[in-house]
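The values are calculated or read from the model by the stated rules, or taken from the named source; none is laboratory data. Everything numeric in this text was worked out from a predicted model, so none of it was measured. Every residue, glycine as well, gets a Cβ built from its backbone with ideal geometry; the counts of neighbours run over all protein chains shown. All accessible areas refer to the heavy atoms of the entire protein, side chains included, with ligands and DNA or RNA removed. Shrake-Rupley method; radii C 1.70, N 1.55, O 1.52, S 1.80 Å.
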Amino acid sequence: MSGVIVILKPDTPRDARAVKAVTDRAATFPGVTARVHEVAGSTRSLIEIYLIGSTATIPTAAFEEIDGVERVVRISEKYRMLGRHKGQVEAVGFEYQGVVFDQDSLHVLPGLCAVDTPEHAEAMFRALRSAGIATTRMGAYKPRTSPYDFQGLGKSCLPWVFELAGKYGIRVIAMEVTHESHISEINEALDAAGSPTGVMLQIGTRNAQNFELLKFVGQQNRFPVLFKRGMGITLEESLNACEYVASEGNRNIILCLRGMKTNLGDPHRNFVDFAHVPVVKRLTRLPVAIDPSHSVGRKELAPDGLTDIHHVTAQGVIAGANMVLVDFHPNPSKALCDGPQALTVEELGPYLEDIAIVRDAYLKRRAAAAGATAAA
Ligand code: PEP
Ligand code: MN
């Protein structure tokens, strides 16, 4: 399987002559199809044209000579759209609701594992606003291990969740969907509420290889996708799952590490896999999120006064994580889902301070590494 990416000069508009010149040239090669992708970055945009099909014998010079082409990269790897291709392509991220998600940024999304009452949702939003945070998580559709457990409020809570989110200046809510009908419900509820906020569609670990759902979220462009790594499959399989989304047209994807299912991780709920943050950034262009709550599963205090959740958050952030998806609840003992792993709203401020300390250390490490490389 091979392919070719033709990268146009930065900030080339979609209707530029170069775009047509490349696609016209591609059409002269039998069995080759061209797909144009616009990558909207924070500071600039980039057009990449993918040539797929019988590309093995295409001479790259045929495209390099076209005016406006910056580079032509031959790709033989699996992750055609999302891969880094040995550093030959850039890790351009995306902007959604005025928030930039890329391999350099860091956003914290503290929120309810499952929406339960308007009072709890509002207390959460209020705490976020006081902390200056505009990104959160709120589950309306909960995939539960037992059919007798609380399954989430479903579409009935969407109107007031969106309205309250807008009231408190929340821009992005990560919300899991387990069926394509949930996306229509979210679309309708957002439209009915006048789009006071934005939604990032979360694909849960249990659906990591639900290819029809992956294709469905890939075919829409209204919402970015937060893909949770499959808990019992290889990293390669999870990255291929993201490629399913991208190959359908939606490249606004974030990969979230959330721990692997194995008893070897005991006493944590899952074996924490945040050592893979830099690995995913090297292999792909995806921003990488960590979910310390579902990794650890319990709010236990270590003898140093920090919870295991704080510790693994720090491990992900110091490794360069771009997003932290984390469970909070105003009253964890009343939570209908995952109360034991939820931090309280009073703990939000100190938790964010802890993250700021570690983020600062990460940025210093990165600067030191860059200095060492420059000096070498
Ligand atoms: C969640 O984030 O609410 C969740 C169910 O996570 P996961 O799919 O990683 O188990
Ligand atoms: Mn949960």
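Would you tally the residues in region 78-100 being modelled with pLDDT of 90 or more and closer than 17 Å to Val4 by Cα?
Number satisfying all stated conditions: 3.
Please identify the pairs in which a residue from region 123-144 that is away from ligand 2 (no atom under 16 Å from the Cβ) has its Cβ atom under 9 Å from the Cβ atom of a residue that is modelled with pLDDT under 95, counting only partners at least 6 apart or on another chain.
Pairs found: none.
Which one of Ser184, Ser156 is over 25 Å from Val245 (Cα atoms) and open to solvent by 10 Å² or more (accessible area, probe 1.4 Å)?
Ser156
Of the residues in region 142-153, how many are among the hydroxyl-bearing types (Ser, Thr, Tyr) and either within 10 Å of ligand 1 (Cβ to nearest atom) or open to solvent by 40 Å² or more (accessible area, probe 1.4 Å) (or both)?
Qualifying residue count, region 142-153: 2.
Cβ-Cβ below 6 Å, separation at least six or inter-chain, first residue in region 222-250 and under 24 Å from Leu190 (Cβ atoms), second among the charged types (D, E, K, R): which pairs?
Lys228/Arg258; Glu248/Lys215
Go through the residues of region 101-110 one by one and say whether even a single one is at positive phi, assigned by TED's automatic domain parsing to the domain that holds Pro340 and buried (at least 23 other Cβ atoms within 10 Å of the Cβ).
Looking through region 101-110, none of the residues is at positive phi, assigned by TED's automatic domain parsing to the domain that holds Pro340 and buried (at least 23 other Cβ atoms within 10 Å of the Cβ).
For Ala321, only one of the following conditions fails: (1) outside any loop (DSSP other than H, G, I, E, B); (2) open to solvent by less than 50 Å² (accessible area, probe 1.4 Å); (3) within 16 Å of ligand 1 (Cβ to nearest atom). What is its number?
All conditions are met except number (1).
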